[in-house]
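Chemist: Pasting a structure here, questions to come.
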Amino acid sequence: MKGCKTEYQRKLLVLPKTTIWAPQGCAFVAPVGGVVDEVNVQDRWSPSTDAGATREGKFVTIIGDDGVRYLGGHLDSVADGIKPGTRVKGGQVLGKVGRSGNARDAGPNLYFAISWKTGPAFWWVRRGMVKPWDYLDAWQEGNRTLSPREETLKLRGKLGETPQCTVQCGGAVRQQQDPPQASKTPQPQKSPKKDDDDVVTLTPTTAPLDGR
């Protein structure tokens with residue numbers, strides 16, 4: 001975040017992600033240099049269905065130069081020129097904090113998550129795999145070189161590149177599945193119907209982290 005007073009959760013609630021509370025319209029900036037991967041400019045979340053794939057509302061993901069995927073969701077808007085394939089610098093504005101998605105009835109905040117690159121069909125990976133608060137603490141204290149790359153690689157090696165969804169997988173009625181196992185081949189879950197101006201992604205297929 002840039003130019004705003006913020007605070008964030010430092011404990012695991014449902015998913016390994018955090019909620020960064022900030023004023024409406026505060027700038028969400030790229031945590032590192034990298035390439036924009038996914039951009040969603042349409043808020044299609046509905047409380048009646050509460051579909052997992054739409055909970056973050058408007059969002060941007062980037063693949064950092066460290067190979068890690070970073071997600072900022074619940075945005076009010078996406079910055080001009082931010083589209084898949086765009087190279088960004090650390091600190092560059094990606095969007096503005098809002099209350100899209102299932103933050104509609106909450107205060108403005110940024111849904112921040114760390115994971116590895118997958119295809120958009122595996123949206124539950126995008127929603128958060130690596131606990132982020134130790135890195136946020138370090139960055140806030142001035143240690144800008146600390147990267148979640150090592151932890152991300154280790155976890156991806158344990159779970160597999162496209163683990164099964166286990167938390168908040170369905171809609172309004174929560175569904176539970178078997179724990180993720182690298183030896184299984186998961187089936188992509190159906191996402192809500194999207195128009196051409198909905199989520200766009202740089203590559204629609206899964207990709208390893210830096211070829212590993």
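Every number in this text was worked out from the coordinates using simple rules, so none of it is lab data. This structure is a prediction, so every number in the text was calculated from the model and none was measured. Here the Cβ positions follow ideal geometry from the backbone for every residue, glycine too, while neighbour counts run over all protein chains shown.
Chemist: Could you sort out which of K83/K131; K117/K158; K58/K83; K17/K154 sit more than 20 Å apart by Cα distance in this structure? Could the numbers behind the result be given before it?
Modeler: On the way: K83/K131 26 Å; K117/K158 15 Å; K58/K83 13 Å; K17/K154 17 Å.
Listed pairs above 20 Å: K83/K131.
Chemist: Could you order the peptides 59-65, 84-90 from most to least packed, using the average number of other C-beta atoms within 10 Å per residue?
Modeler: Working: 59-65: 24.3, 84-90: 14.7.
Ranked by mean Cβ neighbours within 10 Å, highest first: 59-65, 84-90.
Chemist: Determine the relative contact order of segment 1-151: mean sequence separation of Cα pairs under 8 Å and six or more apart, normalised by residue count, in whole percent. Could the numbers behind the result be given before it?
Modeler: Numbers: 382 pairs, mean separation 41.6, N = 151.
The normalised contact order for segment 1-151 reaches 28 percent.
Chemist: Next question. Tabulate in residue order the Karplus-calculated ³J(HN,Hα) for segment 65-81, using 6.51 cos²θ - 1.76 cosθ + 1.60 with θ = phi - 60°, rounded to whole Hz; enter x for Gly and Pro.
Modeler: Values, residue by residue: 4, 7, x, 8, 9, 10, 10, x, x, 6, 6, 7, 7, 9, 5, 4, x Hz.
Chemist: Stretch W139-K158 to full length: gain in nm at 0.36 nm per residue minus the Cα-Cα span? Can you show the working numbers first?
Modeler: Working: separation 19, 0.36 × 19 = 6.84 nm, distance 2.64 nm.
Gain in length upon complete extension: 4.2 nm.
Chemist: Now a separate question. Could you sort 106-113, 46-53 so that the peptide with the highest average Cβ count within 10 Å comes first and the rest follow in order? Please list the in-between numbers first.
Modeler: Details: 106-113: 20.6, 46-53: 15.5.
Ranked from most to least packed, the peptides come out as 106-113, 46-53.
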